[in-house]
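Report on the following structure.
The values are calculated or read from the model by the stated rules, or taken from the named source; none is laboratory data. Since we're looking at a predicted model, the values are computed, not measured. Cβ placement follows ideal geometry from the backbone for every residue including glycine, while neighbour counts extend to all protein chains displayed. The area values use the complete protein model at the heavy-atom level, side chains included, leaving out ligands, DNA and RNA. Shrake-Rupley method; radii C 1.70, N 1.55, O 1.52, S 1.80 Å.
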Amino acid sequence: MAGRTLHVISHSHWDREWYMPFELHRRRLVKLLDDLLEVIDRDPEFGSFHLDGQTIPLDDYLAVRPQQRARLQAAAQAGRLTVGPHYILQDEFLTSAEAQARNLLYGLRHAAEFGEPLRVGYLADSFGHIGQMPALLRGFGIDNAVFGRGVNRLNPQASPDAPLSERGYPSELCWEGSDGSQVLGIFMANWYANAMDIPSDQAACVARFEAIRDAALRYATTPHLLLMNGCDHTPCQLHISTLIGQAREALDDVVVHSRLDDYVRAVQATVIDLELARGELRSEYTDGWGTLTNVLSSRLYLKQANTRCQDLLEKHLEPLQAVDFALGGGIDRDFRAYLWKLLLQNHPHDSICGCSCDQVHQEMETRFAKVEQLADQLAKESFERLAGRVDTSALPADAVAVVVYNPLGTARREVVEVEVSFEQGVEVDEVAVCDAAGAPVPATVKEDHGLVWDYALPDDRFRVPFHCRRLTVELLADVPACGYATYQIAPSSAAPPPEPEVGDVIENEWLRVERCDGYTVNLLDKRTGRTWEGLNLLLLGGDEGDEYNYRQPADDALVGLEPETCGHHHDDEECDHQHGEVALAWSNPLSAGWALTGSFVREGADEHDVQQIGATVWLALPTHSPRLDVQVVLENYNATDFRLRAHFPTDTATGVVQADGHFEVVERAITPWSGWTNPSNCQPCQQFVDLSDERGGLTVAVRGLPEYEVLRDGRNTLALTLLRGTGEIGDWGVFPTPEAQCQGTQLADYSLLPHPGALAAEGVDALARGFALPLTARQTDRHPGELPPRGSWVALQPSTLVLSALRVAEDRDELIVRFYNPYATPVEATVQCGLPVTAVHRCNLNEEPAAALPLVAGAVRLAVGAKEIVSLALRC
C-alpha cells in the first residue's frame, strides 16, 4: 500500500477507578497531567495528547491543581490536548439510553470550557456496543466511532465471498445503526495499545515501528494507519517526538504525531467500498468471550441502584421540573447537572459493570445514595408545586387528597402505593378511597404506622415538628398518559371484607395461577387456553469465574429451593422438589398471592463447608392486570462463588428472542454461530425480555436485573440471573473481592406477562414498562387551583411509541420531548400536548433546533420511521 501515513496518537486509557480506588488512580492522573503540561510547554515538536475521549479527568485533576486551569485551556485551544466528547467513558449496555445522551450533552459542554470539543465517538473499551450508538453519535454531530470490541477481525486468507463469520471486519467499516444512521467505524483490531512503550534505542525503535505498521496493514483498507501510543493508566512517553523523528529518518512512510480527529478525517477522505456492520456489536462472530458479558450480573445491587437513580432523574425529576417550568415555575439547571454528573461518575465500564476492587464499589454506593436523596427531594418539591396547582377545593372535610403521577407516554390503570397522614387524634382503622368525581376506588391499607413524629421545613419560618397518624395505602389508579389523577382518602368505619381462603390456586380475569412442586407455578392464560408449566424454577449452581465472566464448574450440581429443614442436590434441572413452605397467603381487593420460604443449601470446598442462602418468594397476582409479580428476598448467609437463576420453560417455537434495549426492542438469535466456544450465551436487557411464537408469548419484566439467557434445552427456557457471587476481579491480576460474593440481604423483582398475540400488538410491552416504572403519588391539602383533577401533559399514539424524555432544554427556555419507535415498522405518530405550547420544532439529541412542525389543537403529527428517535423542542 503506497503513500502510507502512520498516525501516532499519544494517550492513556483512563479507567477512573478499577483495581485501585479512585483516589489512588487520581494520584497517578495528577502526575501524568503535570508531566504532560511540562512537555507541551518544553517541546514544540510534541503534537497532541488524547485525553481518552472524556472530560472528567480535567475535573479530577483541577480538584487538586485548580491553578492549572489556564494551562489546560491553552493546551486544548492550541489543539495539543484533545478533550471530549464524553463526560465519562460509559458502559453501553448497563446504562440507559438517556444517560448516554446526557453523557454527551454534558461532556460536549464541559469540553467547550477548555477548547473545541473532539468530535470522535471514542468507545475504546466498551464491552460491546448498542445498536443505536450510530444514531446517538449522529444526534450530537459526530459521524464516526472508534472502538476495540464487538466484531471479529479480518481474516486475510478468507475468500471475499465468504460470510462475515469467516471473513471478518477490517479496521475501517461502515457501522449502520438500528434506525439506519451510519457512521465511519474504526475498529482497533490491534487494540488501543498497539504502539505503547516504544523503545528509545534507535534500532529497536525503528524495528518496533515497522512491526506495528505491518500488523496494522493486515487489517487496513486505507494508507492511514492508527498507532495508539498508550494503554491503561500509562504515563505519556514524554520523548515521543524524538522517537517519531527516528522513525521518520529510517522509514519510507510518513510518520506524524497526530490527533485522533485528524486521523479520522484522513481515513474518511480515502475509504471506498466499506464493509457494513449493522445494529449492535456484541462479538457475534467471535468465540463469545470478548465482550465480557457476565459483568451484567456482577454485583447486581449496583445495577438495581443505578436503575433507581436513572428512573428518578429521567422519569421523575426532569419531567416534573419541565411541567412546573411550563406552568410558570423556575428551573434549577445547576442542581440537575450536578446530579447527572454525580450519577455518570458511576457509569464507566469498570464501575457500573461491578468489575473493580471492593473500595471502588463502596464509593459507588455512596454516590448512588447521594443521587437518590437529592433527586427524590427535588422531584418531591416539583411534584408538590404541581399538586398545589390542582383544584382540590371540593375535597370532603375528613379526607386527604393524593395526586398520582404517571411518567409513561400511555395511559395506565395500576395499583399505586402512597403514604398518607391524618391529624393527630383522628381514628383511622380502614379507609375509603374515591376518585375526584366521588366514585369508589378499590383500595387497601398496606401498613398502619400508628402515631408518628415528623417535621416540616417551611420556606418562610422555623422548622415545625408535629405528630400525625400515618398509613401506607394501596389504591387502583386510572391515570392519563404522562399525566396525573387526583383521589380522595377518608377514614372509614366499615369493617374490611373478610379475606377469602387462599389455596393452591389464585386467579383473575385473565390468568389462573397454580402453585406447584418446587416453588414453581403453572400459569394458564384464559384468553388462549395456553398453560405455561413449571415457571419460576429457582436453581443455584457454582461459578468458577470472576467479575467479568461466569464459568461453570466441571462437576457442578444445581441446587433447588427446599424447605428450611431440607437441602439435597440435583444433577440437572428436571428434578423432584417438595412444596414450598407457605409463610403467608392473602387475598384483598387489589391482589392475591403467597409468600413461600425455603433455603438453598450446597456443599462448598469440602464436606465441612455447607453454604446456605435463605429465600422468601412473594408471588402476587393483581386483580387488574394480566401479570404475575414476583419478588425474591434472598439472605445469603455464607454462599460464595455461585450463580442463582430463575428458569421459565416457554416451549415456544422460535429461534429469536426480543429484549428491551436502548431506543429499540432488539431481536437476537437464540443459537449463536458455530464458532462460539463460550458455553454460556447471556445477553442484556433493560426492562423486559420476550419469547413468542404464532400462539403468543411470555414476557418477563424486570427491575434492575439485566442478564438473561435462553437455554438451548429444547424448551427455549428463559433463565434470568437473580444473584451471582465471585471472589476476584479477574483480567490481568489477582485482586480478591470478598464483597462481590454479595452476602447479606438481596432483592430481585420481576413479573411474568403471558400474551396471546405479538409483543407489540397486545400492548404487553407497555405493561412491562409499567411494572419497571411504577406510578407514584403525593399527598396534598385542600386548595383551589388552575388545574383540573386529572390531566395529561404529553400523550403518544400509537401506544407502541415510547416516551423517553421530557425535560427543560439545557441552553434555552424550551421543553424537550423525546420518544422513539422501538420496532422495525414505520408509524404515523401523534403527540398530544396538554401544556400551553405555542410552537414546536424538531431538534437533535444535542437539543439544537431544526425544522418547525405544525401544531394543530395542541397536537403534532409526523411520520416516524423504523426504530427512529424523535426529539421535539416545545416553546411554551
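For the pair Ala397 and Thr528, how long in nm is the line joining their label points, each one 7 Å along Cα→Cβ?
About 5.6 nm, to one decimal.
Sum -39500 (n - 2.57) across every DSSP H segment of at least 4 residues in the chain, then divide by the residue count to get the 222 nm mean residue ellipticity, nearest 500.
The helix-only estimate for the chain comes to -6000 deg cm²/dmol at 222 nm.
Beyond 23 Å between alpha-carbons counts as too far, so tell me which of Lys303/Lys446; Lys315/Lys380; Lys31/Lys303; Lys31/Lys370 fall in that bin.
Long pairs (Cα-Cα over 23 Å): Lys303/Lys446; Lys31/Lys303; Lys31/Lys370.
Shape verdict for region 61-137, please, from the Cα gyration tensor: rounded (a/c under 1.5), prolate (a/b greater than b/c) or oblate.
prolate
Using a 1.4 Å probe over the heavy atoms of the protein chains, calculate the carbon and sulfur portion of the accessible area of region 772-867 as a whole percent.
The nonpolar share, carbon plus sulfur, comes to 58 percent.
Give the relative contact order (percent, whole number) for the chain; include only Cα pairs under 8 Å separated by 6+ residues.
13
State the percentage of accessible surface on region 493-570 attributable to carbon and sulfur atoms; use a 1.4 Å probe and exclude ligands, DNA and RNA.
Using a 1.4 Å probe with all protein chains present, region 493-570 comes out at 46 percent carbon and sulfur.
How large is ³J(HN,Hα) for each residue in region 264-273, as worked out from phi by the Karplus curve 6.51 cos²θ - 1.76 cosθ + 1.60 (θ = phi - 60°), to whole Hz, x for Gly and Pro?
4, 5, 5, 5, 4, 7, 10, 6, 9, 6
Keeping every protein chain in place, order Trp453, Trp676, Trp532 by accessible area at 1.4 Å, biggest value first, i.e. largest first. Don't jump to the answer; show the numbers that get you there.
Values: Trp453 150, Trp676 40, Trp532 5 Å².
The ranking, largest first, comes out as Trp453, Trp676, Trp532.
Whenever you get a sec, compute what percent of the accessible area on region 175-300 sits on carbon and sulfur atoms (1.4 Å probe).
The C+S portion of the solvent-accessible surface of region 175-300 is 49 percent.
With N set to the number of residues, divide the alpha-carbon radius of gyration of region 810-867 by 2.2 N^0.38 Å and report two decimals.
1.18
Skipping prolines and chain starts, which residues have an amide H placed within reach, meaning under 5 Å, of the one on Asp232, given they are 5 or more residues away or on another chain?
His13
Would you check the accessible area of Thr270, probe 1.4 Å, heavy atoms only, in square angstrom rounded to 10?
50
Give me the distance in nm between label points sitting 7 Å out from Cα along the Cα-to-Cβ direction at Thr366 and Glu581, one decimal.
Roughly 4.0 nm, to one decimal.
Does anything in region 206-226 have its amide N under 19 Å from the 7 Å Cα→Cβ label point of Thr242, and if so which residues?
So the set is 206-209.
Going by a ≥ b ≥ c, the root eigenvalues of the Cα gyration tensor, does region 82-232 fall in the rounded group (a/c under 1.5), the prolate group (a/b larger than b/c) or the oblate group?
oblate
At Arg712 and Leu342, where each label point lies 7 Å from the Cα along Cα→Cβ, what is the point-to-point distance in nanometres?
Distance between the two pseudo-spin positions: 4.7 nm.
Between the DSSP loop rule and a limit of at most 14 other Cβ atoms within 10 Å, which trypsin sites (Lys or Arg not before Pro) in region 649-735 are left?
Sites meeting the loop and neighbour criteria: Arg695, Arg712.
Given R₀ = 60 Å, what would the calculated FRET efficiency be for Phe462 paired with Trp191, taking r from the Cβ atoms and rounding to 0.05?
Plugging the Cβ-Cβ distance into 1/(1 + (r/R0)^6) gives 0.45.
Please work out the FRET efficiency for the pair Thr677 and Thr270, using the Cβ-Cβ distance as r and a Förster radius of 25 Å; give the result to the nearest 0.05.
That gives a FRET efficiency of 0.10.
For region 732-838, count the residues as N, evaluate 2.2 N^0.38 Å, and divide the Cα radius of gyration by that value, please.
With N residues counted in region 732-838, Rg over 2.2 N^0.38 Å equals 1.61.
Name the shape class, rounded, prolate or oblate, that the alpha-carbon gyration tensor gives for region 644-688, where a ≥ b ≥ c are the square roots of its eigenvalues, rounded holds for a/c under 1.5, and otherwise prolate holds if a/b is larger than b/c and oblate otherwise.
Working: a/c = 1.41, a/b = 1.22, b/c = 1.16.
Taking the square roots of the gyration eigenvalues as a ≥ b ≥ c, region 644-688 is rounded.
For Ala839, put the label point 7 Å out on the Cα→Cβ axis and report which residues of region 848-876 keep their amide N under 19 Å from it.
848-861, 871-876
Using a 1.4 Å probe, what is the accessible area per residue for the chain, in Å²?
37
For log10 I(q)/I(0) by the Debye sum over Cα atoms at q = 0.07 Å⁻¹, which listed value, (i) -0.84; (ii) -0.75; (iii) -0.59, comes from the coordinates shown?
Checked against the structure: label (iii).
Place +1 on the Cβ of every Lys and Arg and -1 on the Cβ of every Asp and Glu in region 472-570, take the dipole about the Cα centre, and give the residue among Val502, Gly541, Leu475 whose Cα lies farthest towards its positive end.
Leu475
Residue separation times 0.36 nm, minus the C-alpha to C-alpha distance between Glu694 and Arg413: what's the value? Spell out each step's value before the answer.
Working: separation 281, 0.36 × 281 = 101.16 nm, distance 2.79 nm.
Gain on stretching Glu694 to Arg413: 98.4 nm.
With all pairs of different alpha carbon atoms counted, what Kirkwood hydrodynamic radius in Å does region 180-294 show?
After inverting the pairwise mean of 1/r, the radius is 16.1 Å.
On C-alpha positions alone, give me the angle between the axis of helix 358-387 and the longest principal axis of the chain, in degrees, nearest 10.
50
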